Amino acid sequence: MAEHGWMEGRTHVWPRRVYYADTDAAGVVYHANYLVYAEQARTEAMRCLGLDFPALGKPGGLAFAVGSVEMLFKRPAHLDDHVQILTTLLELGGASSVVRQVAVRVDAAGGRETLVEMVIKAIAIGADFRAMRLPAEVRTTLSERMLVPAREEDRD
């Protein structure tokens, strides 16, 4: 397994295990931790694709701010579960991206059970915390390796 996860077609897969610190008093993953998992998975997806850019505050630096989140909880994850976050890029704008991220539990046979579905819009920002265009290298790599082409029936 690669340090930064792996690609399955145009979907990035990032594995992790559920630790005690991730759970609430009922022993299930606390709902807000799925957002942490999603953030970590988006970062690892960029690394997996070989995209590395300076941190915010350094020349050429950028960061991503979350503009919106939609979450649908289906099943809980429990302490010590093997979980994967599947990240698919749905839209890529000049300064924004929309990803679908699905948290799944992985069983011993490799089967996946959907736990949480998320749609997250992120905005690229510069040191002034204003939206900025994505660098050409980032746009090209994401377009070529991760962006899911729109289906014909989705176009109007």
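Read-outs: derived from the displayed coordinates by stated rules, not from any lab. Keep in mind the model is a prediction, meaning the values are calculated, not measured. As a convention, Cβ positions derive from the backbone with ideal geometry for all residues, glycine included, and neighbour counts pool all protein chains shown.
List of remarks:
- Here the chain was treated as a single set of alpha-carbon atoms; its pair distances binned every 10 Å from 0 give 11, 38, 34, 16, 2 percent.
- Loop-located trypsin sites (Lys or Arg not before Pro) in region 59-132 (DSSP state other than H, G, I, E, B) with a sparse environment of at most 16 neighbouring Cβ atoms within 10 Å: Lys74, Arg130.
- Mean residue ellipticity (222 nm) of the chain, computed from DSSP H runs ≥ 4 via -39,500 (n - 2.57), nearest 500: -5500 deg cm²/dmol
- Rounded if a/c under 1.5, otherwise prolate or oblate - region 2-50, Cα gyration tensor axes: prolate
- Each of Leu72, Trp6, Thr141 was placed along the dipole of the chain (beta-carbon charges, centred on the mean Cα), and the one lying farthest toward the positive end is Thr141.
- Couplings 3J(HN,Hα) of region 35-40, computed from phi: 5, 5, 4, 5, 4, 4 Hz, in residue order, whole Hz [Karplus 6.51 cos²θ - 1.76 cosθ + 1.60, θ = phi - 60°; x for Gly and Pro].
- Summarising the label geometry, the points placed 7 Å from Cα in the beta-carbon direction at Val66 and Val106 lie 2.3 nm from one another.
- Here the chain is treated with +1 on each Lys and Arg Cβ and -1 on each Asp and Glu Cβ, and its dipole about the Cα centre works out to around 280 debye.
- Simple spin-label estimate for Ser96 and Val36 gives 2.8 nm between the two label positions (7 Å along the Cα-to-Cβ direction from each Cα).
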